[in-house]
Structures are given as structure tokens and as C-alpha cells.
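Okay, so here's the structure we're looking at.
The values are calculated or read from the model by the stated rules, or taken from the named source; none is laboratory data. Just so it is clear, the model here is predicted, and its values are computed rather than measured. Here the Cβ is made from the backbone with ideal geometry for all residues, glycine too, and neighbour counts use every protein chain on show. Only protein heavy atoms, including side chains, enter the accessible area calculation; ligands, DNA and RNA are left aside. Shrake-Rupley method; radii C 1.70, N 1.55, O 1.52, S 1.80 Å.
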Amino acid sequence: MALAGYPIGLRLRFYDHAADAPAAQVAECTVGNFDDQEALRRFAERLDVVTYEFENVPAPAAHDLAARVPCFLPPPQALEVAQDRLAQKSFFKALGVPTPAFLPVNSIDDLQRGLESTGFPAILKTRRWGYDGKGQAIVRKAEEVTDAWNTLKGSMVILESFVQFERELSLIAARGRKGETAFYPLTENHHRNGILRWSIAPANDVSTDLQQLAESYARKVFSALNYAGVLTIEFFMAKGELLANEMATRVHNSGHWTIEGAATSQFENHLRAVCGFPLGSTEACGCSAMVNFIGTVPDPAAVLQMAGVHLHLYGKQPRPGRKLGHATLCASRSEDLADPLQALQKLASG
Ligand code: AMP
């Protein structure tokens, strides 16, 4: 976000609980927890706009900041909906956006009853604080019910039917302050253990109808929330239909390819949107493949010797399962990406 903001004339200040936050390498950073009133006050001083790229900003901190600065976007209400999987799925349902079958679960009896309607397999997820596959348990058969419940009990949970999807797609959408919209072409995403491993964009074999269907769902979300900024909706494609799995009221990992693979990156468009600037073109420039570096980072020189590669290392301390960087390959034809993508995946897996 910092790297996208400076060239368009913005001055940026970041807020993070850790002094070694990636953004602190390139921009002013206020360090504090989200309940640190004094640090939040210092952070907000003289800011025109506050935005976020982390969905777990506690609602009280969001409301506190929104009251201190002229503009806080996307609206705190959008953040609150996105923070709770039950609120989010109920919101989609109310808007007529299809989702996997879901129901709240508060006890093992609820879970047993819920499984009668979802059937097996099903997936149990914590309503809050879950990301990158954390806080989830798949229930494949009756014998696994108690274990799944014991893993997640103590948190508020939601039960979902397990979708046998053909593929996963995400839509990165932007809406400006005056209500103008722009949509990137759908991205195809590949997860393992709940973590995004790699993406291809534009996704192959996407009809105009499918793209427009996804956009129509994003428009509904935009209007209902009086939204400004980038919004991501992750879909399962099953039997040719789109089921909304999740939305993020922020820039998204599956949109990292837009840095080099689109006319305007998701980061620049997010900043344009929240600052009231015109949105930039979301057109893809050829085809892109993005690979995440998770837990370990490959030798930069080995990555950089690949033709058409763009390397991004975030400067984070390595930890198992942590996203530490990514690389994007760009080519004019998708078939030219297959071999280098395989080579890059090999490097990424160490
Ligand atoms: P989430 O945290 O909800 O984005 O889930 C992470 C990943 O787990 C998804 O991208 C899917 O690959 C898988 N997953 C989550 N929910 C379901 C579901 N209801 N059916 C099938 N796979 C799922």
C-alpha cells in the first residue's frame, strides 16, 4: 500500500502492534495495540483518511478512529460484517447472494442436529479470528464429530456444508467515494490446508456471464454497505454456479498479481477509492501467475533469474504457515506460464 501510495502523491502513516511491521521499512509507523488509546490518538493526528488491510481491527478501535478523522473507509459497519462468518453469510443470504448451506452452532447437540441438514462432509469454522485455514475442522463422518467439536469449542462457531467445488475464484472489486465501480477479471485460486498457494489471472474459461454474475454480487454488497475501497469476494464454483465463501473488506492476497499484471494495482485502486480519486483501469495486461512463499523464502537470486518474474519479499520473520512474500510471473499467453509456474512452485516449496 505504501509503495502504491507515494507515486500518486499520498503521504502515509501506518499502525501496527509490531515495530518490525513490513510497512515500517518504507513508511512512518505508529506502534501500539488496538486498545491503546494514546497510540491511536497519536496515529490519527492530522490524518485525512484512515483505511485498513487487516480484517481483525477490533470494532471499538475502528469506531474510535472513525470519530477522530474526517474519513474512515471502508465503513466500520463493513468491517463488522466481515469479521463474523455468521454475520457475513447471513448478509449474503439477505442480499440474495448464494452461499454454501450454513448454520450457527452453540453446542454439540446443535452440531449433531446441524449435520442432519448439511450431511457429511461438513466444515466447522470459528466465527471470528479465523484466517488461512485457522479455526477450522472438517467433519467427514459421525465418529469425527466429538473431536471436531472439542477442537473448536469455546469459540462461537458456524457449520457449513462442504462444497465439492470445481474451482475457487475470487473477485477483486473497487468502489470509489462517488459510487463508481471497477472490477478485475476473476482470479483462479489454489489453496492447500486452507492457505492460498497460488493464483492464475485472468482465470481461464470465464464466460462474460460468469464475470457479470460475480460483479452483480459485489454491487449488492457495495450498495448495502455504502462502501468505498477494494472489496474481495471468494467464491466456490460448483456446477457452474458461484457460491460466496467469504468476503474481505480490503485488498487481498489473490489480487497481488495486479501489481504487475493489471493496468492499476489493487493497492493503488484501494487508495484512489478511499481518497476520492478516480479509479484506475482494472484491465489485465496479459496473463499472470502468483505464487506465495509460506513459512520459508527461496533464494532471491534463484527466483530473479527467471524471465518475467517479479519478486516481493515482505521482510517478515519466518514462521511455519506465515506468508513471507510472493512472486508473480507475467506472460502474454497463459500457456507460456505453465513451465515457469512449475519451476517457481518448486522454488517456493524449498
Ligand atoms: P476460508 O477460511 O473460509 O476462506 O477457507 C479456506 C479454504 O478452505 C477455502 O479457500 C477452501 O479451499 C476451503 N473451504 C472452506 N470452506 C469450505 C467449504 N464450505 N467447502 C469446501 N471447502 C471449503
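In table form, for the structure just shown:
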| read-out | value |
| --- | --- |
| Listed residues Pro98, Gly130, Leu40: farthest to the positive end of the dipole of the chain (Cβ charges) | Leu40 |
| Highest-first arrangement of 323-329, 95-101, where packing means the average Cβ count within 10 Å | 323-329, 95-101 |
| Taking only Cα atoms of the stretch 2-82, radius of gyration then Dmax in Å | 12.2, 32 |
| Rounded if a/c under 1.5, otherwise prolate or oblate - the stretch 65-112, Cα gyration tensor axes | oblate |
| Average Cα contact separation per residue, the stretch 101-149, under 8 Å, 6 or more apart, as relative contact order % | 33 |
| Long-range tail of P(r) for the stretch 104-219 (Cα pairs > 17 Å, %) | 64 |
| Cα gyration tensor of the chain - equivalent ellipsoid semi-axes, whole Å, descending | 30, 26, 22 |
| For the chain, accessible area per residue (1.4 Å probe, heavy atoms of protein chains only), Å² | 46 |
| Computed Kirkwood radius, in angstrom, where 1/r is averaged over Cα pairs of the stretch 126-168 | 11.6 |
| Cβ-derived FRET efficiency at R0 22 Å, Ala307 paired with Val206, nearest 0.05 | 0.25 |
| Proximal lysine pairs, the chain, alpha carbons under 23 Å, eight or more residues apart or interchain | 20 |
| Separation between Cα centres of the stretch 70-134 and the stretch 180-240, rounded to whole Å | 18 |
| Accessible area in the full protein assembly, largest first, 1.4 Å probe, for Lys153, Lys125 | Lys153, Lys125 |
| With every protein chain in place, the stretch 37-181: carbon and sulfur % of accessible area (1.4 Å) | 51 |
| Kirkwood Rh, angstrom, the stretch 101-161 [1 / mean 1/r, Cα pairs] | 11.1 |
| Whole-number D in µm² s⁻¹ for the stretch 1-152, Kirkwood Cα-pair radius fed into Stokes-Einstein, 25 °C, 0.890 mPa s | 135 |
| Mean residue ellipticity (222 nm) of the chain, computed from DSSP H runs ≥ 4 via -39,500 (n - 2.57), nearest 500 | -8500 deg cm²/dmol |
| Net dipole in debye of the chain [+1 Lys, Arg Cβ; -1 Asp, Glu Cβ; about Cα centre; nearest 20] | 440 |
| Translational D in µm²/s for the stretch 167-348 (Stokes-Einstein at 10 °C, 1.306 mPa s, Kirkwood Rh from C-alpha pairs) | 95 |
| Heavy atoms of Glu144: accessible area, 1.4 Å probe, square angstrom to 10 | 50 |
| Inter-label distance for Asp299 and Ile108, nm, one decimal - labels placed 7 Å from Cα along Cα-to-Cβ | 5.3 |
| Leu210 accessible area, assembled protein chains, probe 1.4 Å, Å² | 20 |
